[in-house]
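Asker: Quick one: the structure is below, and I'll ask about it shortly.
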Amino acid sequence: MIEDRVNKTGIVAAYPLIASHIRRTPVVEIDGADIGLDRTQVLLKLELLQHSGSFKVRGAFVNLATREIPSAGVVAASGGNHGAAVAYAAMRRRIPATIFVPSISSPAKVERIRHYGADLVVAGERYADALAASEIWAAESGALKVHAYDDIETLLGQGTKTGLGLDVVI
């Protein structure tokens with residue numbers, strides 16, 4: 001079961017694999033009343049300052065650090081953030097990447113994926129369409145699939161942004 005491998009021990013073990021590739025992002029405290037909640041302390045981890053603009057780069061790097069990468073490189077389907085993260089991580093590791101996105105993806109995120117040097121394929125109108133096309137590409141090319149949320153490696157990487165004290169800057 002996935003729960004047996006995605007846990008505190010796994011997340012803590014994943015962090016050293018990616019620490020040199022990610023930014024330590026700050027945590028800020030705000031009053032919940034400022035955003036329409038009861039008066040309570042709210043902590044925000046500013047992952048928008050992370051490479052590629054989101055926490056998704058954490059999972060991308062764990063995938064590339066722990067899995068065998070074929071000569072065909074990696075393939076991912078994304079609405080934007082995951083694709084940018086995989087493209088960025090692949091660029092840094094000098095690995096070919098092909099990213100499939102639906103036609104509704106943000107132009108800014110599409111441009112970011114291209115900027116990182118990935119081959120970009122627009123496939124269908126929804127994420128499910130892009131995912132199906134990426135799976136066909138993976139089967140035909142031999143590229144490694146890096147799923148946005150359904151790989152243990154992705155989940156372990158995303159977990160490194162949690163309150164485990166791994167890279168908190170206050």
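The values are calculated or read from the model by the stated rules, or taken from the named source; none is laboratory data. All of these numbers come straight from a predicted model, not from anything done at the bench. All Cβ positions, even for glycine, are placed from backbone atoms using ideal geometry, and neighbour counts span all protein chains on display.
Asker: Residues in the range 106-116: is at least one touching a Lys or Arg at 6+ places or on another chain (Cβ under 8 Å) and not assigned by TED's automatic domain parsing to the domain that holds H21? If you could, list the steps in order and put the result at the bottom.
Answerer: Start the filter on the range 106-116 by keeping residues that are touching a Lys or Arg at 6+ places or on another chain (Cβ under 8 Å), which leaves none.
No - not one qualifying residue is present in the range 106-116.
Asker: Can you tell me how many residues within the range 137-164 are at pLDDT below 95 and among the polar types (S, T, N, Q)?
Answerer: So the count comes out to 3.
Asker: Here is a further query. Kindly indicate whether I113 is in contact with a helix residue (DSSP H, G or I) (Cβ under 7 Å, 6 or more places away or on another chain), of a type in the set (V, I, T) and in a loop (DSSP other than H, G, I, E, B). Can you show your working first?
Answerer: On the way: in contact with a helix residue (DSSP H, G or I) (Cβ under 7 Å, 6 or more places away or on another chain): yes; of a type in the set (V, I, T): yes; in a loop (DSSP other than H, G, I, E, B): no.
Spelling it out, it is not the case that I113 is in contact with a helix residue (DSSP H, G or I) (Cβ under 7 Å, 6 or more places away or on another chain), of a type in the set (V, I, T) and in a loop (DSSP other than H, G, I, E, B).
Asker: Find all pairs meeting these conditions: Cβ atoms under 7 angstrom apart; at least six residues apart or on different chains; first residue within the range 138-157 and assigned to a loop (DSSP other than H, G, I, E, B); second residue loosely packed, with under 15 Cβ neighbours inside 10 Å.
Answerer: Taking only residues 6 or more apart or on different chains, the pairs are G142/P70; A143/P70.
Asker: How do the pairs read when you match residues in the range 108-121 that are exposed (fewer than 15 other Cβ atoms within 10 Å of the Cβ) with residues anywhere that are hydrophobic (A, V, I, L, M, F, W, C) and not in a strand (DSSP E or B), using Cβ under 6 Å and keeping only pairs 6 or more apart or on different chains?
Answerer: Short answer, once both residue conditions are applied: G117/M91.
Asker: Another question about this same structure. What residue, of A60, A84, A97, is of a type in the set (A, V, I, L, M), modelled with pLDDT of 95 or more and not assigned by TED's automatic domain parsing to the domain that holds G117? Walk me through how you get there before you give the answer.
Answerer: On the way: A84 fails: not assigned by TED's automatic domain parsing to the domain that holds G117; A97 fails: not assigned by TED's automatic domain parsing to the domain that holds G117.
Among A60, A84, A97, only A60 is of a type in the set (A, V, I, L, M), modelled with pLDDT of 95 or more and not assigned by TED's automatic domain parsing to the domain that holds G117.
Asker: Mind listing whichever residues of the range 35-44 are of a type in the set (V, I, T) and either surrounded by 10 or more Cβ atoms within 10 Å (Cβ to Cβ) or in the same structural domain as A87 (by TED's automatic domain parsing) (or both)? Lay out the reasoning, then the answer.
Answerer: From the range 35-44, those of a type in the set (V, I, T) are 35, 40, 42; that's our starting set.
If the condition is that a residue be of a type in the set (V, I, T) and either surrounded by 10 or more Cβ atoms within 10 Å (Cβ to Cβ) or in the same structural domain as A87 (by TED's automatic domain parsing) (or both), then V42 is the only one that fits.
Asker: While we're on this one: Name the one entry in E47, E29 that is in contact with a Lys or Arg (Cβ under 7 Å, 6 or more places away or on another chain), of a type outside the set (K, R) and not assigned by TED's automatic domain parsing to the domain that holds R114.
Answerer: E47
Asker: Which condition number does N63 fail, the rest of (1) closer than 13 Å to K109 by Cα; (2) out of contact with any strand residue (DSSP E or B) (no Cβ under 7 Å at 6 or more places or on another chain); (3) buried (at least 20 other Cβ atoms within 10 Å of the Cβ) being met?
Answerer: Tallying (1) closer than 13 Å to K109 by Cα; (2) out of contact with any strand residue (DSSP E or B) (no Cβ under 7 Å at 6 or more places or on another chain); (3) buried (at least 20 other Cβ atoms within 10 Å of the Cβ), N63 fails exactly one: (1).
Asker: While we're here: Could you list, in sequence order, the residues of the range 103-147 that are under 17 Å from the mean Cα position of the chain (by Cα), closer than 14 Å to G79 by Cβ and not polar (S, T, N, Q)?
Answerer: Within the range 103-147, A108, K109, V110, R112, I113, L120, Y127, A130, L131, H147 qualify.
Asker: Would you please name the residue that is nearest to S106 (Cα to Cα), looking only at residues in the range 1-26 that are surrounded by 15 or more Cβ atoms within 10 Å (Cβ to Cβ) and among the aliphatic types (A, V, I, L, M)? Quick ask: steps written out before the conclusion?
Answerer: If we filter the range 1-26 for residues that are surrounded by 15 or more Cβ atoms within 10 Å (Cβ to Cβ), which is where we start, we get 6, 10-12, 14-15, 17-18, 21-22, 25.
Now narrow it down to the ones that are among the aliphatic types (A, V, I, L, M): 6, 11-12, 14, 17-18, 22.
Details: V6: 30, I11: 30, V12: 33, A14: 30, L17: 30, I18: 27, I22: 24 Å.
Going through the qualifying residues, I end up with I22.
Asker: In addition: Of T66, T25, which residue is among the β-branched types (V, I, T), within 19 Å of T154 (Cβ to Cβ) and modelled with pLDDT of 95 or more? So that I can check it myself, show each step before the final result.
Answerer: On the way: T25 fails: modelled with pLDDT of 95 or more.
Within the list T66, T25, the selection yields T66.
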